[in-house]
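Participant: The structure under discussion is supplied below as structure tokens; questions concerning it will follow.
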Amino acid sequence: LKDGPMAAVEARFIKVVVLGAGQDVGRSCILVSFCGRKVLLDCGMHLGFRDERRFPDFRYISRAGRFNEAIDCVIVTHFHLDHSAALPHLTEICGYSGPIYMTHPTKAITPILLHDYRKIMAERKGVAEFYSADDIDACMRKVTAVSLLETVHVDDELTITAHYAGHVLGAAMFSIAVGDVRVFYTGDFNMTADRHLGAARVPVGLRPHLVISESTYGTTLRDTKCSRERHFLELVHSTVRRGGRVLIPVFAVGRAQELMILLETYWARMGVQAPIYFSAGMVQRASLYYELYARWGSEHVRTALFGDEEAGAGNSDDDDAHAHEHDGHGHDGA
């Protein structure tokens, strides 16, 4: 910052550079600069491209490739590939080695998805210039996991705080502050509780100078969740009653767990005897983390795992200490 009467004005100037997901879905990556600090919010990949367009154009950050000088820290809100999959490229290919923050569940689950996606793209589809399995492991070793409501001091002035976002296990919204200037970034969030996760929680009294919010489907009018679920269950049940079989292709992490709870509840209420099977691959591995980090889940999940007394405690703002030991090893067996 410059000295003199304009210093205070420049200190409160917030610059936003959208490197991905601006009027588009995929490749979420936003560089926010204020008060002499630069924070990269998410580092996702665009799954619709197989060339260099799949990654954010990091030349907008530093054309000289001096990313450690150009970025004070990187924050990843959740494990979905459009928010996290460019991270190994940034660290192992571009050379960024500065602070990276995400929640404990996100750090545990992200390498599962990264290894699986790399195997599909590089080994099965032959996509060139893709990062390696070793790159993923090296990248994840650079990540610092944070707990909900934990204020992390990146340096003497820059702090970040994670807040519960719902959406998927480990998803967080982040408050970023330098002095009394504050930016709030949501990533994906869900203000309505699911069966396996709670609703997003924004602290009372938070008064950021800038809010950057996910807006996918923000202008789309859809049927209510209750209506869509009822229609889905009626289709499944009518098919089963006719002796048919139902195959449901679904995301392995998050959506699969939600549908399993939905079907299990409906089966019990309607007395349906037909068996329900799920994939023994990534769905099974991901479900283990839902048990490990069950206190992030909904009351339904906590009751199933811990009983009625523990369920009333609500979503934990601190991760279980024993769960931290598992961070970074989610790719085993991928």
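Participant: Of all residues in the range 99-130, how many are free of Cβ contacts under 8 Å to residues at least 40 places away in the same chain and open to solvent by less than 20 Å² (accessible area, probe 1.4 Å)?
Facilitator: Adding up the residues that qualify gives 0.
Participant: Another question, if that's okay. With the requirement that a residue be surrounded by 14 or more Cβ atoms within 10 Å (Cβ to Cβ) and either assigned to a loop (DSSP other than H, G, I, E, B) or in contact with a Lys or Arg (Cβ under 7 Å, 6 or more places away or on another chain) (or both), what does the range 180-193 give you? Reasoning before the result, please.
Facilitator: Quick first cut of the range 180-193, residues surrounded by 14 or more Cβ atoms within 10 Å (Cβ to Cβ) only: 181-190, 193.
Scanning the range 180-193 gives VAL181, THR186, GLY187, ASP188, PHE189, ASN190, ALA193.
Participant: Filtering the range 280-299 down to residues that are of a type outside the set (A, V, I, L, M) and open to solvent by 70 Å² or more (accessible area, probe 1.4 Å), which residue is farthest from ALA108 (Cα to Cα)?
Facilitator: GLU299
Okay, residues lined up against (1) within 19 Å of LEU19 (Cα to Cα); (2) touching a His at 6+ places or on another chain (Cβ under 9 Å); (3) among the β-branched types (Val, Ile, Thr):
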{"residue": "CYS73", "(1), (2), (3)": "yes, no, no"}
{"residue": "LEU90", "(1), (2), (3)": "yes, no, no"}
{"residue": "THR110", "(1), (2), (3)": "no, yes, yes"}
{"residue": "LEU114", "(1), (2), (3)": "no, yes, no"}
{"residue": "MET121", "(1), (2), (3)": "no, no, no"}
{"residue": "ARG124", "(1), (2), (3)": "no, no, no"}
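Participant: Further question: Please tell me if GLU291 is of a type outside the set (A, V, I, L, M, F, W, C) and modelled with pLDDT under 85.
Facilitator: So GLU291 passes the test.
Participant: Among the numbered criteria (1) buried (at least 18 other Cβ atoms within 10 Å of the Cβ); (2) closer than 25 Å to ALA171 by Cβ; (3) among the aliphatic types (A, V, I, L, M), which one does ALA70 miss?
Facilitator: Unmet for ALA70, out of (1) buried (at least 18 other Cβ atoms within 10 Å of the Cβ); (2) closer than 25 Å to ALA171 by Cβ; (3) among the aliphatic types (A, V, I, L, M): (2).
Participant: If you don't mind, there's one more thing I want to ask. If you check VAL253 against the conditions, is it open to solvent by 60 Å² or more (accessible area, probe 1.4 Å), touching a helix residue (DSSP H, G or I) at 6+ places or on another chain (Cβ under 6 Å) and aliphatic (A, V, I, L, M)?
Facilitator: Considered against the rule, which asks whether it is open to solvent by 60 Å² or more (accessible area, probe 1.4 Å), touching a helix residue (DSSP H, G or I) at 6+ places or on another chain (Cβ under 6 Å) and aliphatic (A, V, I, L, M), VAL253 comes out as no.
Participant: Check off (1) free of Cβ contacts under 8 Å to residues at least 12 places away in the same chain; (2) touching a helix residue (DSSP H, G or I) at 6+ places or on another chain (Cβ under 7 Å) for LEU169 and give me the number that stays unchecked.
Facilitator: Failing condition for LEU169: (1).
Participant: OK, next. So which residues in the range 17-67 are in contact with a His (Cβ under 6 Å, 6 or more places away or on another chain) and either part of a strand (DSSP E or B) or open to solvent by 40 Å² or more (accessible area, probe 1.4 Å) (or both), if there are any at all?
Facilitator: First, pick out the residues of the range 17-67 that are in contact with a His (Cβ under 6 Å, 6 or more places away or on another chain): 26-28, 42, 44, 54-55.
Answer for the range 17-67, where residues must be in contact with a His (Cβ under 6 Å, 6 or more places away or on another chain) and either part of a strand (DSSP E or B) or open to solvent by 40 Å² or more (accessible area, probe 1.4 Å) (or both): just ARG27.
Matching residues to (1) at pLDDT below 90; (2) of a type in the set (Val, Ile, Thr); (3) not in a loop (DSSP other than H, G, I, E, B):
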| position | (1), (2), (3) |
| --- | --- |
| VAL211 | no, yes, yes |
| SER215 | yes, no, no |
| ASP223 | yes, no, no |
| SER227 | no, no, yes |
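Participant: Quick one: which of THR219, THR239 is outside any loop (DSSP other than H, G, I, E, B), among the hydroxyl-bearing types (Ser, Thr, Tyr) and free of Cβ contacts under 8 Å to residues at least 24 places away in the same chain?
Facilitator: THR239
Participant: A further question follows. For the range 131-153: of the residues being assigned to a loop (DSSP other than H, G, I, E, B) and open to solvent by less than 30 Å² (accessible area, probe 1.4 Å), which is modelled with the lowest pLDDT?
Facilitator: Checking each candidate, the answer is TYR131.
Participant: Is there a residue in the range 194-203 that is assigned to a loop (DSSP other than H, G, I, E, B), farther than 15 Å from SER298 by Cα and without any contact (Cβ under 8 Å) to a residue 12 or more places away in the chain?
Facilitator: no
Participant: Would you mind stating whether THR303 is of a type in the set (Val, Ile, Thr) and at pLDDT below 70?
Facilitator: In short, yes.
The values are calculated or read from the model by the stated rules, or taken from the named source; none is laboratory data. Since the model is a prediction, treat every value here as computed from it, not as a measurement. Note that we place each Cβ from the backbone using ideal geometry, even for glycine, and neighbour counts take in every protein chain shown. These area figures cover heavy atoms from the full protein model, side chains too; ligands, DNA and RNA do not enter into them. Shrake-Rupley method; radii C 1.70, N 1.55, O 1.52, S 1.80 Å.
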